[in-house]
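Read the figures in this text as sums done on the coordinates, not as results from a lab. Keep in mind that this is a model prediction, so the values were computed, not measured. Note that each Cβ is placed from the backbone with ideal geometry, even for glycine, and that neighbours are counted across all protein chains shown.
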Amino acid sequence: MIHSLLRRDWIGRIRLALTLFGLPYTVCTPGARPAISCLYSHNFRTSQTSGPISTSFCNLYTTGVQTMLSSSAPHVKSRCPQYPGSKINRFLVPDDKVGWSQNWPQYKPLSYTDPLVEKKPVWADPEIGSFSPKFNTVDGAVDRTSFEGSYKMEKQKPLNPRGRTGVTGRGLLGRWGPNHAADPIVTRWKVDAKGEKTLHSVSKRPVLQFVSIKRKDCGEWAVPGGMVDAGEQVSITLQREFSEEALNSLVITPAEKAKISDRISKLFKSPGFQIYKGYVDDPRNTDNAWIETVAVNFHDDSGNSVSELPLQAGDDAGEVQWVDVDSSFPLYASHSHFLELVAKERKAHW
């Protein structure tokens, strides 16, 4: 016990000294589990996804890891010590140096863009200087506006609206500036053999179920989702990503696709409840490229729409199934918070 107290004391003093001098810091705890997950939260639909990511056991001293990122809270996963899918170590950024308004001459981050992005696939921008993008506006088919408002520019490159991340360039992201994603949350009521809503034994509230995929990269359960293609409406992305990841629409026959098309279209044309729209605290973010998403809940209230469709994992999903919405069920990234908001909106058990 005395040893533990002394250790916390000298760690605190070191942190204070480094902060006063404006230097980054980490403290490694042998054998401890990392407090920050370095696994990314949105899959790309193309071949740009990487394999599982090895993470460091060094924890950044930050707060709010388990809650949705607010506009006033510093991003956390975006400062993960090692950039995903690479051997690049970020320049470590303490909480009080995240904001661009903080003068920090010592800040010397590495520039990193994944080799796949540098090959100029159709979903990626060229290097700055070889083209002239129109930032903070809809640039042809590419939406370069941000839900965060107008973002600043420095040396012709956009600056992450949430501040420093410890690495510049685009990393695994295709676009300079905002990279837009969409997360469809498809739900239904859990019913008994008589078709009556199932009430939770403790809360006495009806239980919701949602379509969940088990990610191939990390083995965690998540909401199906993906990136918005250039010129594509978010509503189309939501339907496409759900069909590809939960119904395996990329490989089913035209006849099978026709059978599910009407039901899927009907559900996704219904008024969806927007759960969240904004910046995503994602390990793939850099100082010059970041992810923003729209999460929308589509509810099959009568249970005769997608509820009767055979779920089949596809694209980036390893498994897919209906899962009870419950606070005790661990989910990937910020998806638990999305489901909590859905449960509150539907007055369901959480």
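Computed quantities for the displayed model
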{"read-out": "FRET efficiency estimate (nearest 0.05) - Cβ-Cβ, Asn89 to Ser130, R0 30 angstrom", "value": "0.60"}
{"read-out": "Highest average packing first - 176-188, 131-143, Cβ atoms within 10 Å", "value": "176-188, 131-143"}
{"read-out": "Net charge, Leu341 excluded, C-beta distance under 13 Å - Lys, Arg +1, Asp, Glu -1", "value": "+1"}
{"read-out": "Cα gyration tensor shape for the range 198-298, rounded if a/c is under 1.5, else prolate or oblate", "value": "oblate"}
{"read-out": "Efficiency of FRET between Ser270 and Asn103 - r from beta-carbon atoms, R0 35 angstrom, step 0.05", "value": "0.10"}
{"read-out": "Pairs of lysine residues in the range 121-219 - Cα separation under 28 Å, sequence separation of 8 or more or cross-chain", "value": "8"}
{"read-out": "Peptides ranked, highest mean first, by Cβ atoms within 10 Å: ranges 79-92, 160-173, 98-111", "value": "160-173, 79-92, 98-111"}
